[in-house]
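Visitor: Handing you a structure now.
The values are calculated or read from the model by the stated rules, or taken from the named source; none is laboratory data. Not measured: the values here are computed from a predicted model. Every residue, glycine among them, receives a Cβ derived from its backbone with ideal geometry; neighbour counts consider all protein chains shown.
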Amino acid sequence: MEENNEQNNNANTEEVKEEIKSTTNETAKEETKNTTNETAKAKGTKTKNNNSNNATGAVKEFFVNIFKTPYDEVKKVSQAPKKYWIVVVIIFATWILAELIGGIISIVSNVMDAQYWTSATYFRNSFREILSMFTAILTPAVIIAVISLIIFLLMKNKKKNYLTIASTLIVAYAPVATASVISLLGNINSNISKFTSSYSGLCSVLTAVLVYFAIKALYEEKEDNKVIKTFFITMAIYYAFVFVLKLFGLYI
(Lines give C-alpha, C1' and ligand atoms only; values in the text may rest on other atoms or scores of the structure.)
Protein backbone atom coordinates (compact mmCIF):
# COMPACT_ATOMS: atom_id res chain seq x y z
CA MET A 1 0.00 0.00 0.00
CA GLU A 2 2.76 2.39 0.95
CA GLU A 3 4.64 1.44 -2.19
CA ASN A 4 1.58 2.32 -4.33
CA ASN A 5 1.23 5.69 -2.61
CA GLU A 6 4.89 6.39 -3.15
CA GLN A 7 4.58 5.50 -6.85
CA ASN A 8 1.53 7.75 -7.18
CA ASN A 9 3.36 10.60 -5.51
CA ASN A 10 6.32 10.13 -7.81
CA ALA A 11 4.01 10.12 -10.84
CA ASN A 12 2.28 13.29 -9.67
CA THR A 13 5.62 14.93 -9.08
CA GLU A 14 6.77 14.05 -12.60
CA GLU A 15 3.52 15.44 -14.05
CA VAL A 16 3.99 18.67 -12.15
CA LYS A 17 7.57 18.93 -13.37
CA GLU A 18 6.46 18.37 -16.95
CA GLU A 19 3.74 21.03 -16.66
CA ILE A 20 6.21 23.51 -15.15
CA LYS A 21 8.76 22.72 -17.89
CA SER A 22 6.12 23.08 -20.63
CA THR A 23 4.83 26.36 -19.18
CA THR A 24 8.37 27.69 -18.89
CA ASN A 25 9.17 26.80 -22.52
CA GLU A 26 5.97 28.39 -23.81
CA THR A 27 6.64 31.55 -21.80
CA ALA A 28 10.20 31.72 -23.09
CA LYS A 29 9.03 31.24 -26.69
CA GLU A 30 6.38 33.95 -26.30
CA GLU A 31 8.87 36.38 -24.81
CA THR A 32 11.37 35.63 -27.58
CA LYS A 33 8.66 36.16 -30.22
CA ASN A 34 7.59 39.47 -28.69
CA THR A 35 11.19 40.62 -28.44
CA THR A 36 11.81 39.66 -32.08
CA ASN A 37 8.69 41.52 -33.26
CA GLU A 38 9.62 44.62 -31.29
CA THR A 39 13.16 44.52 -32.68
CA ALA A 40 11.83 44.14 -36.24
CA LYS A 41 9.46 47.07 -35.74
CA ALA A 42 12.26 49.19 -34.36
CA LYS A 43 14.49 48.32 -37.31
CA GLY A 44 11.66 49.08 -39.75
CA THR A 45 11.04 52.47 -38.16
CA LYS A 46 14.75 53.22 -38.16
CA THR A 47 15.00 52.23 -41.85
CA LYS A 48 12.07 54.47 -42.78
CA ASN A 49 13.59 57.37 -40.87
CA ASN A 50 16.94 56.79 -42.56
CA ASN A 51 15.31 56.69 -46.01
CA SER A 52 13.41 59.89 -45.24
CA ASN A 53 16.56 61.62 -44.03
CA ASN A 54 18.50 60.44 -47.08
CA ALA A 55 15.80 61.71 -49.44
CA THR A 56 15.65 65.09 -47.68
CA GLY A 57 19.43 65.32 -47.75
CA ALA A 58 19.47 64.54 -51.47
CA VAL A 59 16.95 67.33 -52.14
CA LYS A 60 18.95 69.91 -50.18
CA GLU A 61 22.20 68.79 -51.75
CA PHE A 62 20.77 68.99 -55.25
CA PHE A 63 19.26 72.47 -55.03
CA VAL A 64 22.43 73.82 -53.41
CA ASN A 65 24.87 72.25 -55.85
CA ILE A 66 22.87 72.65 -59.08
CA PHE A 67 24.13 76.25 -59.27
CA LYS A 68 27.72 75.28 -58.42
CA THR A 69 28.26 72.13 -60.45
CA PRO A 70 25.26 71.70 -62.79
CA TYR A 71 26.77 68.95 -64.92
CA ASP A 72 27.76 66.87 -61.89
CA GLU A 73 24.26 67.13 -60.40
CA VAL A 74 22.56 66.17 -63.66
CA LYS A 75 24.99 63.27 -64.01
CA LYS A 76 24.15 62.06 -60.49
CA VAL A 77 20.45 61.98 -61.36
CA SER A 78 21.17 60.01 -64.55
CA GLN A 79 23.17 57.47 -62.55
CA ALA A 80 20.84 57.10 -59.55
CA PRO A 81 17.38 58.54 -60.35
CA LYS A 82 15.72 56.71 -57.42
CA LYS A 83 17.85 58.68 -54.98
CA TYR A 84 16.53 61.94 -56.44
CA TRP A 85 12.91 60.95 -57.00
CA ILE A 86 11.67 63.68 -54.63
CA VAL A 87 13.61 66.29 -56.62
CA VAL A 88 12.04 65.03 -59.85
CA VAL A 89 8.53 65.06 -58.35
CA ILE A 90 8.95 68.58 -56.88
CA ILE A 91 10.17 70.06 -60.18
CA PHE A 92 7.54 68.34 -62.33
CA ALA A 93 4.64 69.06 -59.94
CA THR A 94 5.69 72.71 -59.61
CA TRP A 95 5.84 73.05 -63.38
CA ILE A 96 2.37 71.59 -63.93
CA LEU A 97 0.83 73.50 -61.02
CA ALA A 98 2.23 76.80 -62.32
CA GLU A 99 0.75 76.10 -65.77
CA LEU A 100 -2.61 75.23 -64.20
CA ILE A 101 -2.72 78.43 -62.12
CA GLY A 102 -1.70 80.48 -65.14
CA GLY A 103 -4.49 78.93 -67.20
CA ILE A 104 -7.08 79.63 -64.51
CA ILE A 105 -5.94 83.25 -64.21
CA SER A 106 -6.21 83.65 -67.98
CA ILE A 107 -9.76 82.23 -68.02
CA VAL A 108 -10.93 84.43 -65.15
CA SER A 109 -9.33 87.50 -66.72
CA ASN A 110 -11.07 86.95 -70.05
CA VAL A 111 -14.40 86.13 -68.44
CA MET A 112 -14.26 89.40 -66.53
CA ASP A 113 -13.33 91.26 -69.69
CA ALA A 114 -16.11 93.14 -71.51
CA GLN A 115 -15.03 91.92 -74.92
CA TYR A 116 -17.83 89.35 -75.13
CA TRP A 117 -20.73 91.04 -76.90
CA THR A 118 -22.85 87.99 -77.61
CA SER A 119 -23.45 84.74 -75.79
CA ALA A 120 -22.10 82.79 -78.78
CA THR A 121 -18.82 84.70 -78.70
CA TYR A 122 -18.66 84.32 -74.93
CA PHE A 123 -18.97 80.53 -75.00
CA ARG A 124 -16.67 80.18 -78.00
CA ASN A 125 -13.87 82.17 -76.38
CA SER A 126 -14.41 80.47 -73.03
CA PHE A 127 -14.06 77.09 -74.69
CA ARG A 128 -10.81 78.23 -76.33
CA GLU A 129 -9.43 79.40 -72.99
CA ILE A 130 -10.32 76.13 -71.28
CA LEU A 131 -8.76 74.13 -74.13
CA SER A 132 -5.67 76.34 -73.93
CA MET A 133 -5.43 75.68 -70.18
CA PHE A 134 -5.56 71.90 -70.63
CA THR A 135 -2.95 72.15 -73.38
CA ALA A 136 -0.69 74.15 -71.06
CA ILE A 137 -1.09 71.53 -68.32
CA LEU A 138 -0.18 68.72 -70.70
CA THR A 139 2.75 70.63 -72.20
CA PRO A 140 5.35 69.61 -69.54
CA ALA A 141 4.42 65.94 -69.90
CA VAL A 142 4.49 66.11 -73.71
CA ILE A 143 7.88 67.84 -73.78
CA ILE A 144 9.51 65.35 -71.42
CA ALA A 145 7.83 62.33 -73.03
CA VAL A 146 8.78 63.25 -76.60
CA ILE A 147 12.41 64.23 -75.96
CA SER A 148 12.89 61.17 -73.74
CA LEU A 149 11.52 58.93 -76.49
CA ILE A 150 13.82 60.52 -79.08
CA ILE A 151 16.87 60.00 -76.87
CA PHE A 152 15.82 56.43 -76.05
CA LEU A 153 15.36 55.53 -79.73
CA LEU A 154 18.65 57.13 -80.77
CA MET A 155 20.60 55.43 -77.97
CA LYS A 156 22.16 52.40 -79.62
CA ASN A 157 23.28 50.40 -76.59
CA LYS A 158 20.27 51.43 -74.47
CA LYS A 159 22.51 52.24 -71.50
CA LYS A 160 19.62 53.98 -69.73
CA ASN A 161 15.96 53.03 -69.48
CA TYR A 162 13.14 55.37 -70.45
CA LEU A 163 12.25 56.43 -66.88
CA THR A 164 15.86 57.31 -66.12
CA ILE A 165 16.00 59.47 -69.24
CA ALA A 166 12.71 61.18 -68.35
CA SER A 167 13.83 61.84 -64.76
CA THR A 168 17.09 63.37 -65.93
CA LEU A 169 15.29 65.61 -68.43
CA ILE A 170 12.82 66.81 -65.81
CA VAL A 171 15.77 67.96 -63.71
CA ALA A 172 17.23 69.68 -66.78
CA TYR A 173 13.95 71.57 -67.24
CA ALA A 174 14.06 72.98 -63.69
CA PRO A 175 14.76 76.56 -64.96
CA VAL A 176 11.69 76.41 -67.20
CA ALA A 177 9.63 75.21 -64.24
CA THR A 178 10.78 78.21 -62.18
CA ALA A 179 10.03 80.50 -65.14
CA SER A 180 6.45 79.20 -65.19
CA VAL A 181 6.12 80.15 -61.53
CA ILE A 182 7.71 83.59 -61.93
CA SER A 183 5.60 84.33 -65.01
CA LEU A 184 2.50 84.28 -62.79
CA LEU A 185 3.70 87.61 -61.36
CA GLY A 186 3.32 89.10 -64.83
CA ASN A 187 -0.43 89.20 -64.31
CA ILE A 188 0.01 92.01 -61.79
CA ASN A 189 1.04 94.71 -64.26
CA SER A 190 2.85 95.22 -67.56
CA ASN A 191 6.16 96.31 -65.99
CA ILE A 192 6.47 93.08 -64.04
CA SER A 193 5.54 91.11 -67.15
CA LYS A 194 8.55 92.63 -68.93
CA PHE A 195 10.80 91.27 -66.20
CA THR A 196 9.16 87.84 -66.21
CA SER A 197 9.47 87.69 -69.99
CA SER A 198 13.21 88.39 -69.80
CA TYR A 199 13.58 85.86 -67.01
CA SER A 200 11.77 83.22 -69.10
CA GLY A 201 14.21 83.86 -71.95
CA LEU A 202 17.16 83.36 -69.61
CA CYS A 203 15.65 80.16 -68.24
CA SER A 204 15.20 78.82 -71.77
CA VAL A 205 18.92 79.28 -72.38
CA LEU A 206 19.81 77.63 -69.04
CA THR A 207 17.51 74.73 -69.83
CA ALA A 208 19.15 74.22 -73.23
CA VAL A 209 22.53 73.98 -71.48
CA LEU A 210 21.20 71.54 -68.90
CA VAL A 211 19.59 69.40 -71.60
CA TYR A 212 23.00 69.27 -73.29
CA PHE A 213 24.51 68.13 -69.98
CA ALA A 214 21.71 65.59 -69.59
CA ILE A 215 22.37 64.09 -73.02
CA LYS A 216 26.10 63.94 -72.29
CA ALA A 217 25.46 62.17 -68.98
CA LEU A 218 22.85 59.77 -70.37
CA TYR A 219 25.04 58.70 -73.29
CA GLU A 220 28.07 58.60 -70.99
CA GLU A 221 29.96 60.34 -73.74
CA LYS A 222 33.23 62.20 -73.08
CA GLU A 223 33.82 63.68 -76.52
CA ASP A 224 32.04 67.03 -76.80
CA ASN A 225 31.85 66.88 -80.61
CA LYS A 226 29.74 63.72 -80.47
CA VAL A 227 27.57 65.16 -77.71
CA ILE A 228 26.95 68.36 -79.68
CA LYS A 229 25.99 66.33 -82.74
CA THR A 230 23.61 64.17 -80.72
CA PHE A 231 22.14 67.25 -79.03
CA PHE A 232 21.42 68.98 -82.36
CA ILE A 233 19.88 65.84 -83.87
CA THR A 234 17.66 65.30 -80.83
CA MET A 235 16.42 68.89 -80.71
CA ALA A 236 15.96 69.03 -84.50
CA ILE A 237 13.65 66.00 -84.35
CA TYR A 238 11.83 67.49 -81.38
CA TYR A 239 11.20 70.86 -83.05
CA ALA A 240 10.09 69.09 -86.21
CA PHE A 241 7.49 67.36 -84.04
CA VAL A 242 6.50 70.74 -82.54
CA PHE A 243 6.11 72.16 -86.05
CA VAL A 244 3.79 69.34 -87.04
CA LEU A 245 1.65 69.99 -83.96
CA LYS A 246 1.40 73.67 -84.91
CA LEU A 247 0.04 72.69 -88.30
CA PHE A 248 -2.87 71.10 -86.44
CA GLY A 249 -3.32 74.16 -84.23
CA LEU A 250 -1.64 72.67 -81.17
CA TYR A 251 1.05 74.72 -79.42
CA ILE A 252 3.45 73.51 -76.76
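Visitor: Starting from the stretch 152-172, keep only residues that are of a type in the set (Lys, Arg), then list their pairs with residues that are surrounded by fewer than 17 Cβ atoms within 10 Å (Cβ to Cβ) and in a helix (DSSP H, G or I) whose Cβ atoms are within a distance under 7 Å, requiring at least 6 positions of separation or different chains.
Guide: Nothing qualifies.
Visitor: Oh, and also: Give the number of residues within the stretch 77-87 that are surrounded by fewer than 21 Cβ atoms within 10 Å (Cβ to Cβ) and part of a helix (DSSP H, G or I).
Guide: 5
Visitor: Same structure, new question: May I ask you to say which residue of Ser193, Ser200 is closer than 21 Å to Val142 by Cβ and of a type in the set (S, T, N, Q)?
Guide: Going through Ser193, Ser200 in turn, just one is closer than 21 Å to Val142 by Cβ and of a type in the set (S, T, N, Q): Ser200.
Visitor: Follow-up question, since we're still on this one. Is there any pair with a first residue in the stretch 222-236 that is assigned by TED's automatic domain parsing to the domain that holds Leu210 and a second that is surrounded by 12 or more Cβ atoms within 10 Å (Cβ to Cβ) and assigned to a loop (DSSP other than H, G, I, E, B) whose Cβ atoms are under 6 Å apart and which are 6 or more apart or on different chains, and what are they?
Guide: Hits for this filter: Val227/Glu221.
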